[in-house]
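Report on one structure; see the data block that follows.
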Amino acid sequence: MEFDFNEEQQLLQDTVRRFLEKELRPLDDQYGDREMEPELAKSLLKKLLPFGYMGTDRTDDPIITGILYEELGRNFPGLAGIVFLADAASLIISLAAHPELKERLAEPLLNADLIGCAAISEPNVGSDPTSIECRAELKGDHYVISGTKTWISNGHIADVAIVTAQTDPAKGVMGLVQVLVDRNETPFESRDIDTIGMKSFPTSELYFNDLEVPAINRLGGWQNEQNPMMAKKAQGNPFNFNSARVMCASLSCGIAQRAMDLAVDYVQQRKQFGKEIGRFQMVQALIADMAIDLEAARLLTFQARQLISRRPCNKEVSIAKAYATEMGVRVTSKAMECMGAMGLATEARLERCLRDARVWIVPDGTSQIQRLIIGKELTGFSATRG
């Protein structure tokens, strides 16, 4: 299987890398490890628009998507998470929203004048979205939304939330709907959840207290279609868990590459016993192990990206997600070893690489969940259902 970049892909990588290193890496140093503000997020997203991070149909070249997210993960990982969710919200609204909503919201979302999020997880619901408790009760020409969502990416900076809710618990998964909540039209409360890493990528709780939302805000409902998330009509749907999981893998590769770059630069300059420490065998072994681990994760990730738009590939995506996110922690930890005491200093940036890398093992299915998916695909048995 061939994984070399073609001329167009290589040119894009070079161009994006130069821009991100010059323009956004300094902003990551300034804002990347603190709570994100809505207006700052919008101004940062606008810097990415010329490179096709939002609103561009990249399904014909998933490698380009992988390049874009890995490079952004290498330079400003928090912003990479923000743009993925913002782009996903804009696309799903373009595909499934009522024409009136699409006309009003699609262009502002695509232009980063508004930011979207997807509200699925709840205090009692994580890896099993079919058990969602948040209610959407249809009353005349509006839905009443009641419930709490948690661990919602982009939550407190979002202008628009796509809320997955249950209309009838007796119907199980068939009772689930997605309802668009426009914060400017129907305000809801939120709070940011402070995490060990990825601090500029908001993770939030959202509170819907008998919130009245127009019935036309049900995504797909005006066409009598199934919930677009649960139907999984297209493998490339950005709210499809596979797309989110491979994004986690790409960002992990970017963070690990940043850590390895820092370590290699350090060992080429730092001297002990009269020579650069990069000449020592044990240091070279650490560098080699990092390179092997990173290259394996990158190949698995690009393979999964290529397959998503072609065929069902739960196994390959889960392998990539589990391996790449765990690789991120291993590589950043070894990079710290290469730098000795300096690796522990906050000014060296490596400790943030380690904190950021550790975050990605959890979202969109922990490593344990990925292993259950892989096991099911290989054996045909579900470990969670009879």
Cα gyration tensor category, rounded, prolate or oblate, for region 266-313 with a/c compared to 1.5: prolate
Packing-based ranking, highest mean first, of 153-161, 330-338, 287-295 given that Cβ atoms within 10 Å are counted: 153-161, 330-338, 287-295
Amide proton proximity set for residue 167, modelled H, under 5 Å, gap of 5+: 136, 176, 177
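So which of 321/376; 199/376; 171/321 end up more than 23 Å apart, counting from Cα to Cα?
Exceeds cut-off: 199/376; 171/321.
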Backbone HN-Hα couplings from phi across region 323-332 [Karplus 6.51/-1.76/1.60, Hz, Gly and Pro as x]: 5, 5, 5, 5, 4, x, 5, 4, 5, 5
Greater than 24 Å apart at Cα, pairs in 47/315; 46/315; 275/334; 46/102; 22/47: 47/315; 46/315
Tensor-based shape of region 1-99 (alpha-carbon gyration tensor, a/c under 1.5 rounded, otherwise prolate or oblate): oblate
Relative contact order, percent, the chain [alpha-carbon distance under 8 Å, six or more residues apart]: 16
Centroid-to-centroid separation of region 9-86 and region 272-328 [C-alpha atoms, Å]: 21
Relative packing of peptides 351-361, 309-319 - highest average C-beta neighbours within 10 Å first: 351-361, 309-319
Sequence-distant aspartates and glutamates (8 or more away, or on other chains) whose Cα lies within less than 19 Å of residue 139: 168, 182, 185, 210, 212
Under 5 Å, built H, 5+ apart or other chain: amide partners of residue 143: 213, 215
Signed unit charges on C-beta, dipole axis of region 241-379, positive-most listed residue 368, 294, 379: 379
For residue 119, distant residues with modelled amide H under 5 Å away: 162, 163, 164
Dimensions (Å) - region 115-228, Cα atoms, principal axes, largest first: 42, 30, 23
Backbone HN-Hα couplings from phi across region 71-76 [Karplus 6.51/-1.76/1.60, Hz, Gly and Pro as x]: 5, 5, x, 6, 10, 7
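Read-outs throughout are calculated quantities, based only on the coordinates presented, and are distinct from any laboratory measurement. Because the structure is predicted, anything quoted here is derived from the model rather than measured. As a convention, Cβ positions derive from the backbone with ideal geometry for all residues, glycine included, and neighbour counts pool all protein chains shown.
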